[in-house]
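What follows is a short report on a single structure.
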Amino acid sequence: MKLVYPAIFTPCKEKEGYTVVVPDLPGCVSEGDSLADAIDMGVDAASGWILGELEDGNDIPAASEYKDITPDTADSFVNLLVLDMESYAEKYGSKAVRKNITIPAWLNAYGEKNHLNFSKILQDALLSMTQKVRN
């Protein structure tokens, strides 16, 4: 699942770099030593914020329209952050939830005979469904 959120970039006054604020994600603030670093850090902070909400079973806020975000200062600007939540969750996600499922005996026998990972198959199917809903 890929998400796009607008972020406000403000040059730091005390040192080189930028502060990044994602207005749609309360408290999501980061900074970087250069613009490229600030973008990476903003993506990391926003992805972590979203992953935490998803792992806790919460809804995530919808992203505002780019044109609706107004920077507070004249030297600030708005840029979009692209979040690849599948890659981020695969790398940093740690919370797992155990689920019991019921399947027909013949399907279980087939899966065991073919050494199928039922958890992986279910995860892939659910991720596929979330992508269809978002698109």
Inset, instruction - Exactly one condition in (1) surrounded by 12 or more Cβ atoms within 10 Å (Cβ to Cβ); (2) touching a residue at least 24 places away in the same chain (Cβ under 8 Å); (3) more than 30 Å from D124 (Cα to Cα); (4) of a type in the set (D, E, K, R) is not met by D72; state its number. - result: (1)
Legend entry - Residue list for the range 36-64, restricted to those being among the charged types (D, E, K, R) and either farther than 18 Å from S76 by Cβ or modelled with pLDDT under 95 (or both): D40, D44, E53, E55, D56, D59
Legend entry - Qualifying residue in the range 42-62 (condition: of a type in the set (F, W, Y) and without any contact (Cβ under 8 Å) to a residue 60 or more places away in the chain): yes
Legend entry - Given (1) polar (S, T, N, Q); (2) in the same structural domain as T130 (by TED's automatic domain parsing); (3) under 21 Å from T130 (Cα atoms), number of the condition N108 does not satisfy: (3)
Inset, instruction - Starting from residues that are outside any loop (DSSP other than H, G, I, E, B) and at pLDDT 90 or above, keep the ones in the range 109-121 and report whichever is nearest to E53 (Cα to Cα). - result: I121
Inset, instruction - Take D24 and decide whether it is in contact with a strand residue (DSSP E or B) (Cβ under 6 Å, 6 or more places away or on another chain), assigned to a loop (DSSP other than H, G, I, E, B) and not basic (K, R). - result: yes
Inset, instruction - Select, from A36, A63, A45, A89, the only residue that is assigned to a loop (DSSP other than H, G, I, E, B), of a type outside the set (D, E, K, R) and either outside the structural domain of T130 (by TED's automatic domain parsing) or on the phi > 0 side of the Ramachandran plot (or both). - result: A63
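The values are calculated or read from the model by the stated rules, or taken from the named source; none is laboratory data. None of the values given here were measured: they were computed from a predicted structure. Note that each Cβ is placed from the backbone with ideal geometry, even for glycine, and that neighbours are counted across all protein chains shown.
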